[in-house]
1. Considering only residues of segment 80-100 that are aliphatic (A, V, I, L, M) and within 22 Å of the chain's Cα centre (by Cα), which is nearest to residue 53 (Cα to Cα)?
2. Being touching a residue at least 12 places away in the same chain (Cβ under 8 Å) and small (Gly, Ala, Ser) is the filter here, so list the residues in segment 238-271 that pass it.
3. Out of segment 262-288, which residues are outside any loop (DSSP other than H, G, I, E, B) and closer than 25 Å to residue 69 by Cβ?
4. Among strands (runs of 3 or more DSSP E) lying entirely in segment 156-261, which contain 1 or more residues that are modelled with pLDDT of 90 or more?
5. I'd like to know if segment 82-98 contains one or more residues that are in contact with a Ser or Thr (Cβ under 7 Å, 6 or more places away or on another chain), assigned by TED's automatic domain parsing to the domain that holds residue 182 and closer than 30 Å to residue 157 by Cα.
Amino acid sequence: MARASYQPMSSWRLNLVKVAFITVVIILIAYLVDMQLNEADFLQKQAKSRHQRNIDIVAHRGMILDRHGEPLAISSPVHSVWVNPQHFEPSREQLKKLGQVLNITAGQLQGKLKNTATKHFVYIQRGVSPDIAAAVKALKIPGLALQREYKRYYPAGEVTAHILGFTNIDDKGQEGVELSHNAQLEGTNGKKRMYRNGIGQFVEGGTLLKREKDGENIQLSIDLRLQYLTYQALKQAVSHHKAASGSAVIVDVNTGEVLAMANQPTFNPNNRRALHAADYRNRAVTDLFEPGSTIKPFIIASALKSKKFTTASIIDTSPGI
């Protein structure tokens with residue numbers, strides 16, 4: 001078999017290849033330089049968005065106390081479970097385990113993440129207990145994280161419900177003292193920068209950007225012992241007389257301080273799932289009613305104080321109203 005003879009590439013073809021190669025290199029270098037000069041800010045932002053996140057350090061909401069320092073409203077630490085959809089890629093087994101921990105189905109989990117591909121933060125479940133939070137963390141699923149928050153708790157339950165009101169899931173006051181003094185109670189959240197590793201998990205630690213400022217405590221004139229007694233007496237009276245509603249207020253006549261305030265019907269601020277807005281109404285404060293005979297003692301007292309009348313005076317009120 002005859003061996004093919006070697007024919008060297010002509011010089012013009014070789015030069016053409018060299019020119020083409022050099023041209024491609026120059027274009028690539030120019031593109032890289034352009035990116036560094038003109039798109040540096042954009043690229044840095046993109047890199048930071050993938051590997052950094054600023055999260056809130058939730059401030060501790062102040063307590064509400066009675067006149068003797070007994071706690072009426074306190075905040076307990078909880079966690080919220082959230083994901084970054086751009087890094088959340090669990091296996092089928094991991095998704096199943098997460099659902100078991102949170103007591104929701106895989107379908108419900110997927111429903112929460114529907115149409116969230118462009119987002120960086122999506123809540124999966126709010127206000128979970130420390131035990132559940134620890135179980136979630138142990139799964140070590142990329143893109144899955146926890147955020148510390150607080151959940152409001154009212155030790156006296158429905159006894160002080162209308163006075164205190166309640167907060168929403170973000171611990172913001174919605175009714176009662178919680179609403180009227182929200183700015184004083186809630187404090188100011190801090191900021192912390194967290195960093196992700198190569199698989200999307202947050203690295204422990206982070207950089208403190210702003211320290212949180214906890215809310216202030218508020219002490220009321222309410223006496224919890226009198227409040228319990230007032231609540232019980234009113235509840236029994238409303239039940240006995242089959243009344244639609246009732247209110248009772250105890251005031252210190254020397255100072256004008258409100259020592260107790262109760263309403264029926266009432267509600268449990270620790271469990272508001274099956275309640276209606278009307279249940280939250282503090283009737284003793286918001287409702288209008290005819291004073292009727294309750295005003296007579298004040299009229300008599302005023303008459304006696306004027307010294308124009310005595311306890312034996314007869315006043316003709318005919319023909320009446």
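The values are calculated or read from the model by the stated rules, or taken from the named source; none is laboratory data. On a predicted model such as this, the values are computed, not experimentally measured, just so you know. So basically every Cβ, Gly included, is an ideal-geometry build from the backbone, and we count neighbours across all protein chains shown.
1. So the residue we want is 83.
2. If the condition is that a residue be touching a residue at least 12 places away in the same chain (Cβ under 8 Å) and small (Gly, Ala, Ser), then 243, 245, 246, 247, 248, 260, 262 are the ones that fit.
3. Those that are outside any loop (DSSP other than H, G, I, E, B) and closer than 25 Å to residue 69 by Cβ: 262, 263, 284, 285.
4. Fully inside segment 156-261 and qualifying: 173-175, 246-251.
5. Scanning segment 82-98, I find no residue that is in contact with a Ser or Thr (Cβ under 7 Å, 6 or more places away or on another chain), assigned by TED's automatic domain parsing to the domain that holds residue 182 and closer than 30 Å to residue 157 by Cα, so the answer is no.
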